[in-house]
1. Please find, within the range A:1-10, the residue that is farthest from A:V114 (Cα to Cα) out of those that are among the small types (G, A, S) and assigned to a loop (DSSP other than H, G, I, E, B).
2. Restricting attention to the range B:1-48, report how many residues are farther than 12 Å from B:L107 by Cα and of a type in the set (S, T, Y).
3. Which of the residues belonging to the range B:54-92 are within 13 Å of chain A (Cβ to nearest Cβ) and not acidic (D, E)?
4. So which residues in the range B:3-19 are of a type in the set (S, T, Y) and surrounded by fewer than 13 Cβ atoms within 10 Å (Cβ to Cβ)?
5. Taking B:R95, is it open to solvent by 40 Å² or more (accessible area, probe 1.4 Å), in contact (Cβ under 8 Å) with a residue 12 or more places away in the chain, within 11 Å of chain A (Cβ to nearest Cβ) and not β-branched (V, I, T)?
6. Across the range B:46-59, what is the total count of residues that are open to solvent by 70 Å² or more (accessible area, probe 1.4 Å) and β-branched (V, I, T)?
7. Going residue by residue through the range A:9-19, is there one that turns out to be touching a Gly at 6+ places or on another chain (Cβ under 9 Å) and surrounded by 17 or more Cβ atoms within 10 Å (Cβ to Cβ)?
8. For the range A:89-110, state whether one or more residues are loosely packed, with under 13 Cβ neighbours inside 10 Å and more than 28 Å from B:I50 (Cα to Cα).
Amino acid sequence: EAGVTQSPTHLIKTRGQQATLRCSPISGHTSVYWYQQALGLGLQFLLWYDEGEERNRGNFPPRFSGRQFPNYSSELNVNALELEDSALYLCASSLYSGLVSGELFFGEGSRLTVL
Amino acid sequence: DQQVKQNSPSLSVQEGRISILNCDYTNSMFDYFLWYKKYPAEGPTFLISISSIKDKNEDGRFTVFLNKSAKHLSLHIVPSQPGDSAVYFCAASVRGQNFVFGPGTRLSVLP
């Protein structure tokens with residue numbers, strides 16, 4: 001069974017550009033989470049999607065946005081890139097039953113570098 | 001406001017001894033807790049979880065203890081092995097929603 005896959009593995013952009021990161025969850029998982037891990041820091045919650053809807057977002061500016069497609073894959077968009085957006089972006093999926101979900105399964109991450 | 005705290009940024013332990021990683025939380029609504037392990041340039045991998053209806057869960061060398069009154073949980077690894085050297089994240093959620101992660105503790109197991 002394939003795990004959570006993320007693309008691209010690495011992405012280099014310049015300030016002011018836009019970045020798009022993609023995530024495919026484990027087959028059967030309906031929830032997708034996005035986290036940011038800046039260098040030396042922990043995992044900061046960005047966004048949570050379930051069944052195509054945004055369920056919650058973390059304390060990030062509106063230029064961080066995303067969506068979840070009918071096949072449950074997800075996209076994270078970061079507009080007007082700033083230097084401090086350089087980080088590892090991690091996607092995770094889970095089977096959310098509406099009451100309790102299991103653990104999160106993470107992808108390998110997308111490393112975004114903003115020059 | 002950090003809801004999940006791991007106050008030790010790093011921990012060094014001798015091979016074969018016990019590693020104890022601590023985690024504190026502030027939100028009394030959290031009812032499901034997990035520990036993840038992360039190697040550099042890889043995604044975190046799930047280690048062990050515990051529901052608030054339990055105070056202990058064991059899986060091989062890994063045991064998680066939960067003290068709800070103190071809002072504290074700990075991960076015990078015994079015996080510690082060099083391959084356990086990684087960053088360990090504590091995470092908490094309310095009914096499996098909104099997993100909040102702590103800042104992580106870097107464990108170094110010395111041979």
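1. Step one: filter the range A:1-10 for residues among the small types (G, A, S), giving A:2-3, A:7.
Okay, now just the ones that are also assigned to a loop (DSSP other than H, G, I, E, B), so A:2-3.
On the way: A:A2: 30, A:G3: 28 Å.
Of everything passing the filter in the range A:1-10, A:A2 is farthest from A:V114 (Cα to Cα).
2. Number of matching residues: 6.
3. Of everything in the range B:54-92, those that are within 13 Å of chain A (Cβ to nearest Cβ) and not acidic (D, E) turn out to be B:N57, B:V64, B:V87, B:Y88, B:F89, B:C90, B:A91, B:A92.
4. Quick first cut of the range B:3-19, residues of a type in the set (S, T, Y) only: B:8, B:10, B:12, B:19.
B:S10, B:S12, listed by residue number.
5. Considered against the rule, which asks whether it is open to solvent by 40 Å² or more (accessible area, probe 1.4 Å), in contact (Cβ under 8 Å) with a residue 12 or more places away in the chain, within 11 Å of chain A (Cβ to nearest Cβ) and not β-branched (V, I, T), B:R95 comes out as yes.
6. Looking only at the range B:46-59, we keep the residues that are open to solvent by 70 Å² or more (accessible area, probe 1.4 Å), and these are B:53-56, B:58-59.
Filter again for β-branched (V, I, T), leaving B:53.
The number of residues fulfilling the criteria is 1.
7. Looking only at the range A:9-19, we keep the residues that are touching a Gly at 6+ places or on another chain (Cβ under 9 Å), and these are A:9.
Next cut, surrounded by 17 or more Cβ atoms within 10 Å (Cβ to Cβ) only: none.
Within the range A:9-19, none of the residues are touching a Gly at 6+ places or on another chain (Cβ under 9 Å) and surrounded by 17 or more Cβ atoms within 10 Å (Cβ to Cβ).
8. We begin by selecting, within the range A:89-110, every residue loosely packed, with under 13 Cβ neighbours inside 10 Å; these are A:97-99.
Remaining after also requiring more than 28 Å from B:I50 (Cα to Cα): none.
Scanning the range A:89-110, I find no residue that is loosely packed, with under 13 Cβ neighbours inside 10 Å and more than 28 Å from B:I50 (Cα to Cα), so the answer is no.
The values are calculated or read from the model by the stated rules, or taken from the named source; none is laboratory data. Since we're looking at a predicted model, the values are computed, not measured. Using ideal geometry, Cβ is built from the backbone for each residue, glycine included, and neighbour counts are taken over all protein chains shown. These accessible areas exclude ligands, DNA and RNA; they are computed on the full protein's heavy atoms, side chains included. Shrake-Rupley method; radii C 1.70, N 1.55, O 1.52, S 1.80 Å.
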